[in-house]
Amino acid sequence: MSGRANISAQGNRLLVLACGAIAKELVQLKSMLGVEFDLQCLPAGYHNTPQNIVPDMKAILDARGDEYDRILIGYGDCGTGGGLDRLLETYPKATRLPGAHCYAFFAGLPEFDAMMQEELGSFFLTDYLALHFETLIWKGMGLDRYPDLLGMYFANYKRVVYLAQTDDAAITAKAKAAADKLGLDFERRDTGYGLLYDDLKTFIESAKGEPAHV
Amino acid sequence: MSDQDEDIILKDLDDNELVAQMQDDLYDGMIPEVTEGTQILLDRGWDANMVLNDALVEGMRIVGEDFRDGILFVPEVLQSANAMKGGMGLLRPILANSSVNSSVGTFVIGTVKGDIHDIGKNLVGMMLEGAGFEVVDLGINTDVDQFLHAIDEHDPAILGMSALLTTTMPYMGVVIEELDKRDMLKDLPVMVGGAPLNQEFADAINAHTYGRDAAMSSELAKAIVGKNR
Ligand code: B12
């Protein structure tokens, strides 16, 4: 992306700076809500190396922050150990999605806690993770090279819970196949976009009330 | 590693070469080779402790460093850990039976309530065992009562807690507070660790020591009990 920021219908310049794992959902929501914002994503692979999130986020905020009136950070804490929130304290224009990770903000916070209460040995998939299970989880955890490690990773797990953003038989089949491959039970929960929808809407609407900087 | 390694006959190497080769094999997660090397050194009359420290623990320290620096990733570390376990399997019974090798102290360790990540904890446990601790592993999802019960039962020199989730990190503070209430903290140093933690967090919850990685943690634990084996 280069040049000037896109201006929303309200005249505000909005940026959503998010994890690549929710890029597709954000694009979908953008057209569903009929709103305008710029979207920039960090690599989804940072899920496995969360130490990269804060420095990269800082670099983008420093480089592009001035172009925008408000910035929504499309991340949970995501294993930064509070580091992301500490960073954002110094960028008052930026707000973060609620919760520890995307499973929580797709499911809803109390709903997520309830699922963990019900079965702590739950491994969660989203649409994105179901589609990219092979690359992010199977290969990411080295199970393609060392299948013997499966037990060391998943011995404490009982079930895969697929948190479905969309009603798509093909993705559900992929999620089910992932559960089979891990040797775990399978459950599907319709979550839709959960708090991602609510918060994006709030973000856009709250920006409306503010004077536009054109 | 490269194909030519397959041709190396471990028995033909002198002691120094063999130890270096074992460290390489450990790095590459070659379980049978590391086990074989351990046996050869023992057959040559090496003290079990020396085999453990010079070949296995030192090899694993290098692995840990490269993991920290982003050169190795979780699966490689796990493979190396499995190779180390292979060697430890041969050494453990010898160490247990020898009088000079009495434990430097008991270390009770567990992943805290609500968390079932255990790779880091297991690795720390293994390195602590390598450092001469008797390790009591409470497993995953450990609540304050289970910690208290284990402290009662095993009278550990150190208590260790692991957490990998932002949502479970605070529980370490809950356990420490409970220990404090019972006036147990002055006699029981608490070590904490896990990828999302840092020194600031450890200080904030009043932990005695923060362990960044397995090798560092075992050094710190030895320093706490003031014993090196
Ligand atoms: C491997 C992994 C898994 C494995 C766990 C296998 C297992 N048996 O433990 C699997 C794939 C199963 C998994 C599952 C989940 N995971 Co996970 N996982 C990771 C990952 C990639 C690496 C953790 C790891 O094992 N590292 C290797 C070890 C060697 O390092 P370590 O744990 O840091 O330990 C070292 C030090 O910290 C220290 N140490 C550790 N403990 C202790 C204790 C003491 C006393 C001391 C002194 C030192 C010490 O020494 C260790 C050795 O050097 C991290 C991301 C990351 N890079 O941290 C995410 C991560 C921790 N997971 C995460 C999440 C969200 C989950 C899931 C919810 C995902 C899902 N799809 O469902 C589930 C958990 C569900 C549940 N029911 O709880 C998030 C947590 C986010 C957050 N806000 O907290 C992370 C940060 C990924 C991310 N970026 O979002 N995970």
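Taken as a whole, region A:163-174 holds no residue that is farther than 30 Å from residue A:37 by Cα and within 13 Å of the ligand (Cβ to nearest atom). Of the helices (runs of 4 or more DSSP H) lying entirely inside region A:88-140, those containing at least 3 residues that are of a type outside the set (D, E, K, R) and within 10 Å of the ligand (Cβ to nearest atom) span A:102-107, A:109-118.
Annotation note: Cβ proximity below 7 Å between a residue of region B:161-173 that is facing chain A (nearest Cβ under 8 Å) and in contact (Cβ under 8 Å) with a residue 12 or more places away in the chain and a residue that is more than 6 Å from the ligand (Cβ to nearest atom) and hydrophobic (A, V, I, L, M, F, W, C) (sequence gap 6+ or interchain) occurs for B:169/B:163; B:169/B:197; B:169/B:201. Taking region B:204-229 as the search range and keeping residues that are within 12 Å of the ligand (Cβ to nearest atom) and small (Gly, Ala, Ser), which one is farthest from the other protein chains (Cβ to nearest Cβ)? Across region B:204-229, the extreme among qualifying residues is B:221.
Exactly one residue among A:68, A:103 is within 12 Å of another protein chain (Cβ to nearest Cβ) and touching a strand residue (DSSP E or B) at 6+ places or on another chain (Cβ under 8 Å), and that residue is A:103. Considering region B:148-175 alone, what residues qualify as being within 21 Å of residue B:195 (Cβ to Cβ) and not in a loop (DSSP other than H, G, I, E, B)? Matches in region B:148-175: B:158, B:159, B:160, B:161, B:162, B:169, B:170, B:171, B:172, B:173, B:174, B:175. Look at (1) without any contact (Cβ under 8 Å) to a residue 12 or more places away in the chain; (2) in contact with a helix residue (DSSP H, G or I) (Cβ under 9 Å, 6 or more places away or on another chain); (3) farther than 23 Å from residue B:29 by Cβ and you find that residue A:165 fails only one, number (1).
Only one of the numbered conditions (1) open to solvent by 30 Å² or more (accessible area, probe 1.4 Å); (2) assigned to a helix (DSSP H, G or I) is not met by residue B:45, and that is (2).
The values are calculated or read from the model by the stated rules, or taken from the named source; none is laboratory data. Remember, predicted model here, so these are calculated numbers, not experimental data. Please note: Cβ atoms are built from the backbone with ideal geometry, for glycine as well, and neighbour counts cover all protein chains shown. Side chains are part of the model used for accessible areas, which takes the heavy atoms of the whole protein and leaves out ligands, DNA and RNA. Shrake-Rupley method; radii C 1.70, N 1.55, O 1.52, S 1.80 Å.
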